[in-house]
1. With no solvent and one point per C-alpha, what does the Debye sum give as log10 I(q)/I(0) for region 516-589 at q = 0.22 Å⁻¹?
2. Can you order the peptides 601-612, 211-222, 672-683 by their average number of other Cβ atoms within 10 Å per residue, highest first?
3. How large is Rg/Rh for region 148-271, to two decimals, with Cα atoms and a Kirkwood Rh?
4. On the full set of protein chains, 1.4 Å probe, figure out the accessible area of S417 and give it in Å² to the nearest 10.
5. Name the long-range amide H neighbours of A178: under 5 Å, sequence gap of 5 or more, or other chain; modelled H, no Pro or chain starts.
6. Using a Förster radius of 60 Å, what is the FRET efficiency between D366 and S185 based on their Cβ-Cβ separation? Nearest 0.05, please.
7. Counting only the heavy atoms of the protein chains, how much of C472 is accessible to a 1.4 Å probe, in Å² to the nearest 10?
8. Region 422-508: D in µm²/s via Stokes-Einstein (Kirkwood Rh, Cα pairs, 10 °C, 1.306 mPa s)?
Amino acid sequence: GAGGGTCGCTQVYLVYVGATNPSRNDGKDTKVTAGCDIRGAFCNPNSYDFSLSSSNVGFRTHQTGRVSHGVNSKVDWVNGGCGSSCETISMQTGREFGNPTSYPAQVTVSEPGNPNDMPNTAATTISAGVTTGDGYSYLALTSTSVSILVGASGELLQRYIKVNDEFMFVESLTTGVATISFVDSPGVGCTLGDGTLVATSSAGVGFVGTYEINATDGSILNISITNTGAGYKAGPPEITLNTAASCTTYPTFSVTLSSNVAVVQRGAFGSTATAHDAGVTVYKLWWPTQGTPTAPGKQYFFRTAAYNAAGFSAWKYYAIAFNAHDPSNIPTRGFVEIEFAVEGMGITKANHSVWFGHRNPDGSPDWSRSKECTSVTILDVAGTRLSCRAPAWDGQSHDVFLRYYDGMVERLQFISSGIKYFPPDITSLSPALVPSRGVVTITIFGNDFSTATANRSAYLDAGVGSDGIVKCDPLVYVGANELTCKLSPKTTQTLAGHMVVSVGSADIGGAQVTQRNVKSQVSVIPEPVESSATIAKDIAEIPANSTERATFIASFVDDVVAAMQGAVKAEQIEVTGITAGSVVVAFIIRPNADSVTALTPAQVVASIVQQAADPTSLLLSGSVTSAVTGVTVPPGVIAAAAAAAGATATATSQPSYFTGCVPRSYQSFDMETCYDCCTLKCETGSEVPAVGGVPVLAGYRAQACQTQCLNHCGYNIPVSTLNTMV
C-alpha cells in the first residue's frame, strides 16, 4: 500500500545462469521443492537459501555460462565426463553450478572447459573401402573432405561427432561412392595427367578421387576416394580418367554406392580439420541440453534468474524473436539500410549477422543460396533494435535469417519471405517501332535489371502463345538500367507485341518479369507519307542553292513542328523538292521510331490538311506556312489516319450524333436538350467529326463537336425564321 515516494528497490544478490531442459523430471524442479514448475512465474515456496556458499550447489545443469553484461559474453563447458550417468546427463549430482558471484560484478559460473572432455560414445568407424581384383579403392579422408563414408550412419544425423581430436557436425546423410573397381583390366600404357578421376552424373555432385600409375606397365592402381560425393540415389556416376591422361588400353570402372555417407562441417568447436586414417573410431557426442539422450540439437537455450530477498524471478528460456522490419521491398542495387525490431539480441555487433536467403529441406540455412546483409549496427543497449545494409541481389521472395552466436551458442530466427527485391521495369525501348520482319537490335531502358545476377533473359511476346515468343539474344548487360539484344524472328513471326525482361532464378527467390504496358510495346513501323504544300510566294525570291532557300526550308520545318505542338520532330520532316506554281513544297513525314504512342505520318499529314483549311490554325500562323493555300496528300492517307486513331472518319452530313439527337422544336429547352445529346455522342462515340472531309485530331474534337452541334440543333437559325417555326 506504500506510495511511489516510499517505494524502495531490493538489492539483487546473486545471478544464476541455467541451461537445463523442462522435459527433465516432467518440468519439475526438485532442487527447490517437489512439484515446482521451472517455467512458473514464481518458484521458491520453501524459501530455498541461495547464499554465497559452495555447499549450496544451486540448480542442475550440465552447461555453464559466463555473464558479463555485454562486455565479454561466452559459453564454456564443465570439465569432466559423465561416466555411467549419460542417460540422465542434466540430472547428474555434482554437475550443477557452483560458486555464483555477486551482482554487479562479472558472473563467472565456471572456468572454460575442454570440448575433448565432453561425454561421448563410440558409434562407428571411418570406412576403409574394399580391395577388389587388380585395382582397389580406399577412403582417404583429407583435411578438406566434406563427405565421408562410415561403417554405419545410424543416429549421426544432425549430431556432433568426434574423430581423433577433430569435431564435426553431420549436416545430412546421403548416398555416395563407396568403392571403385575394374570391369576387366586396370588399363595398359596409361599416363597420369593430373592424377584425378572424373565423375559424370545427372544427379550427384562432389566426388573427388585420385589414382596412381604402375611404372612397369602403365596400369591403374591405388585409387583414392577423397570425397565420396553426394546425391547419387539415381545410380552410380560414370568414372573416367582426367582429360590430360591417355592409355593404350583404357580401363572400365565399376562403381558401387553406399547410403552410409555423412555430409559434415569440418573443424567444429574450434578444432582443426586434419586427415584421418581409415578404420579410425567415430564417436557421437552427448549434447548436454538435449531433451532425450538420443535427440541432440545444434542449438540450446539459456535461462537466467536473479535472486534477492524477495525470492527470485521467473525462469525465461533464452531466445531471440522478430517483431518487424522496414523496408521489406528493396531495389536490386541494394545498399539500403534495413532496421529490425527484435528481442533477445546482444549489444556486440560481432556476435550478430543477418542473411537473406533460403533453407534446405530440413529447415537449416542453405548458405549457398543466401547473401549477408552487411554492416550490422546495434541501435540500442537492450538488444531490441539493429540495422544492416542490404546486398545487391534480386528475387521475388527471400527468407531473413537473424543469427546470434557467441562461443558455442547459436540462435537463428527465420522470417519467411521477409525480403522482396523490386521487379524489373521497362521505361522505354529504342527503337519501339521496328520492321515487321528481319533481325532488329533493340535497347531496353529501365530499372532493377540487377547488378548481382547472370539470370536475365528478354523476349518479345506477341500474345499468341509460344509461337509468338521471339527470343532476344545475346542479351548484353550494359548496366542496371540498360540492356541490349537482337530480335531474330522466324519467317512466320511478326515483331509486334511487348518486350519482357526476366530477372532472377526459380531456385533463388523466384524470377520476376516486367509488366506489359505501353512502355514495353513494340509495333511495326508505319510507312512514311509524301505530301506537298502550295504556298503563295514568288519562287524567284528563293533561288536554288541560295541562303534564302535554305532559310525558307528551315522555317517551313519549324512552322510544321510548331503547328503540331511537338507531336512531330524536325528530324521526321524531309523537304524533298521545291517547284514553281506559286511555290510547291514537296515533303516527307517519317515515323518516330522511338515511340509507339506518337502520331503516325498519316495522322500528322491529316492534321496539316485540316489546319490548312482553318484560318485560325497554328499552321496558318507560321512565318512561312501562313501563306499555305492548299495541301495535297496521296489517296488513302485520311482513312489511314482515322484507322490509326482507332475510329471511323465521318464526312457525311448525317452522322449518328445528328440522327440520334433531333430537336423536337426550336424552343430553347428542346434546342438545349438536342445540344446536350449531340455533344455527348459526338465527343465520346466511335465517329470522329470531320472538317472538310478530314477527321479532326483529339485535341480539336470537343471544339468541332460543339460547333457542329450548335448548328445542327438550331442555334445558327435567324430569329425571324425561328419565330415562323414555333
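1. Result of the Debye calculation: -1.03.
2. The packing order, highest mean first, is 601-612, 672-683, 211-222.
3. Expressed as Rg/Rh, it is 1.05.
4. Number for this one is 60 Å².
5. Long-range HN contacts for A178: T256, L257, S258.
6. Once rounded, the FRET efficiency stands at 0.90.
7. Roughly 0 Å² of C472 is accessible to a 1.4 Å probe.
8. D = 120 µm²/s.
The values are calculated or read from the model by the stated rules, or taken from the named source; none is laboratory data. None of the values given here were measured: they were computed from a predicted structure. Because the Cβ atoms are built from the backbone with ideal geometry, glycine has one as well, and the counts that use them run over all protein chains shown. For the accessible areas, the whole protein counts, side chains as well, though only heavy atoms, and no ligand, DNA or RNA atoms are used. Shrake-Rupley method; radii C 1.70, N 1.55, O 1.52, S 1.80 Å.
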